[in-house]
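Q: Got a structure for you, questions after.
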Amino acid sequence: MAANVSVIAVVGATGAQGGAVVQALLKSYPQFKVRALTRKTNSDKAVALANQGVEVVEADLDNKESLVRAFTGCAGAFLLTNYWEIFDVNREIQQGKNQVDACKEAGVAHVVFSTLEGVKKVGGDKFKLIGEWAVPHFDGKDVITDYLVASGLNYSLLYTCFYYENWCTMSAPHKGQDGNYYLSYNMGETPMPAVAVTDIGTTAARAFGAGAAVYGKKVYAVGENIPISEYAKIFSKVFGKTFIYAPVTTEQFAAFGFPGADDLANMFQFYRDFVPDFPRDVAAAKEFNPELIGFEQWLTANKARFNL
């Protein structure tokens with residue numbers, strides 16, 4: 001290894017967020033060597049990373065010892081958990097704790113954790129709980145955050161939000177019988193923060209580049225924060241079709257019935273009702289990361305990903 005080159009380990013390197021972190025580090029931070037953690041080192045994505053010069057190592061979030069081995073010798077580590085892969089908050093929390101414990105045992109100098117707020121903690125009495133949680137995919141990460149903060153590690157907390165890419169998949173606009181396209185959310189006219197997944201990567205990479213300046217700090221990846229009605233107008237402008245925001249209630253959204261609909265219904269309610277307490281300030285985020293892009297710019301560049 002070249003002198004003065006630090007190793008940054010990236011959890012979930014073959015997934016969306018982790019993959020974006022890897023690419024951002026490769027593109028702009030030659031002072032770091034990237035170590036990609038994956039369960040399957042022979043997958044197509046893992047092989048592609050290896051062909052880019054990334055060190056690919058096998059690790060399992062359910063196996064702390066495999067994580068200790070993967071983090072050993074690393075100056076930094078990007079940590080994440082993926083509720084949507086396992087739909088099990090308790091397992092997600094344990095996977096997060098395994099990563100924190102392994103970083104501590106391996107002597108990692110700087111941890112950047114992709115996290116979200118604790119909805120039950122701040123307003124659980126205002127939500128129809130899902131099991132014991134308000135928004136499972138938020139609440140589990142908040143428990144892990146508290147564990148990380150108490151660990152004694154040098155950490156930075158990276159707060160993310162709704163992906164622009166979700167509109168290509170699970171949140172795709174639906175076509176009505178009138179030929180128009182509809183966006184249905186329980187957001188009212190409250191702004192909804194959103195970001196390109198690639199910009200989660202560039203923000204995390206900047207946190208590693210900033211080092212001690214962001215120890216103990218929160219950084220935010222958010223490229224747009226406007227009402228759904230404004231997102232609909234941008235869709236209309238870019239595609240030359242009519243997109244309409246059709247508000248629904250939290251109960252109506254939860255009844256859409258797809259896996260996690262109740263979780264997302266509560267998430268949008270959280271965004272709607274708790275904005276003053278948990279702002280997503282685009283200007284402040286861009287001050288830290290000028291590479292953040294707005295929704296119109298992203299949508300224009302990604303039109304081909306939509307089947308409209």
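Q: Using Cα pairs closer than 8 Å and at least 6 residues apart in sequence, work out the relative contact order for the range 6-305, in percent.
A: Working: 584 pairs, mean separation 50.1, N = 300.
Reported as a whole number, the value is 17 percent.
Q: Can you give me the angle between helix 16-28 and the longest principal axis of the chain, using Cα atoms only, in degrees from 0 to 90, rounded to the nearest 10?
A: 60 degrees
Q: Let me ask something else about it. How much of the calculated P(r) for the range 183-237 lies past 15 Å, in percent of all Cα pairs?
A: Values: 873 of 1485 pairs.
The proportion of pairs with Cα distances above 15 Å equals 59 percent.
Q: Kirkwood hydrodynamic radius (Cα pairs, Å) of the range 6-305?
A: Here the Kirkwood hydrodynamic radius works out to 19.8 Å.
Q: For Lys128, go through the lysines and keep the ones whose alpha-carbon is under 21 Å away, minus same-chain ones fewer than eight residues off.
A: Straight-distance partners of Lys128: Lys120, Lys141.
Q: Residues of the range 212-252 with amide nitrogen under 14 Å from the 7 Å Cα-to-Cβ point of Leu129?
A: Output list for this probe position: empty.
Q: Looking at the chain, which longest stretch skips every one of the trypsin sites (Lys or Arg not before Pro) that is in a DSSP loop with at most 16 other Cβ atoms within 10 Å, leaving the sites themselves out? Spell out each step's value before the answer.
A: Values: sites that count: Arg39, Lys40, Lys128, Lys241.
The longest uninterrupted stretch comes out as 129-240.
Q: A follow-up question, please. Just report the Cα centroid separation between the range 69-117 and the range 144-200, whole Å.
A: A separation of 21 Å, based on Cα centres.
Q: Starting from the Cα-Cα distance between His174 and Val149, subtract it from 0.36 nm times their residue separation and give me the gain in nm to one decimal.
A: Working: separation 25, 0.36 × 25 = 9.00 nm, distance 4.14 nm.
Fully extending the segment from His174 to Val149 adds 4.9 nm.
Q: Quick check: pseudo-label points 7 Å beyond the Cα along Cα→Cβ at Gln297 and Glu58, how many nm apart are they?
A: The answer from the label model is 4.2 nm.
Q: Any chance you could run the full-extension gain for Glu230 through Lys104? It's 0.36 nm times the residue separation minus the Cα-Cα distance, nm to one decimal.
A: Values: separation 126, 0.36 × 126 = 45.36 nm, distance 4.44 nm.
Additional length available on full extension: 40.9 nm.
Quick note: the coordinates plus some simple rules give every number you see, no bench work behind them. Bear in mind that the values here come from a model prediction, so they are computed numbers and not experimental data. Positions of Cβ are generated from backbone atoms using ideal geometry, with glycine treated the same way; all protein chains shown enter the neighbour counts.
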